[in-house]
Structure formats: structure tokens, C-alpha cells
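A short worksheet on the structure shown next.
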Amino acid sequence: MCIATAISLLMILICAMATYGAYKQHAAWIIPFFCYQIFDFALNTLVAISVLVYPSTIQDYLRQL
């Protein structure tokens, strides 16, 4: 719960920085937002590849839930 709250607050801060940077036209304030977007894309790509490569493992995990 504590980690989820910290991540949410960090995302709010990053989005606020991107909004402020776009408003004031300061590119340096927008960079953390784009870094997060690249990290998120890479992580989702790894998840998609793992689902395609190991579908039986995912099905076993879903059955346990």
C-alpha cells in the first residue's frame, strides 16, 4: 500500500512537471515524463513477449488465482 501511494504521488509530480514545462516552454521539465513513457513501453513490451513465449505458464498462474 505504501509503495502504491509513493508511485501515485510520483506520477502526479511527473505529470505536473510536464504540464508546467509545456506551459512555460521549458523542455527540461518535460524530460522525466518522456523517460517514464519509454520505461513503461519497454516494460509492457517485455510482458507481451513473455505472454507470447510462455502462454502455458500464464494459464497455470491464472488457474491458481
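The values are calculated or read from the model by the stated rules, or taken from the named source; none is laboratory data. Keep in mind that what you see is a predicted model, and the values were worked out from it rather than measured. Here the Cβ positions follow ideal geometry from the backbone for every residue, glycine too, while neighbour counts run over all protein chains shown. To get the accessible areas, we keep the full protein, side chains included, count just its heavy atoms, and leave off ligands, DNA and RNA. Shrake-Rupley method; radii C 1.70, N 1.55, O 1.52, S 1.80 Å.
Filtering region 33-50 for residues that are open to solvent by 100 Å² or more (accessible area, probe 1.4 Å), farther than 19 Å from Ile7 by Cβ and not charged (D, E, K, R) leaves an empty set.
Which residues, taken from region 2-19, are of a type outside the set (A, V, I, L, M) and open to solvent by 90 Å² or more (accessible area, probe 1.4 Å)?
Selection gives Cys2, Thr19.
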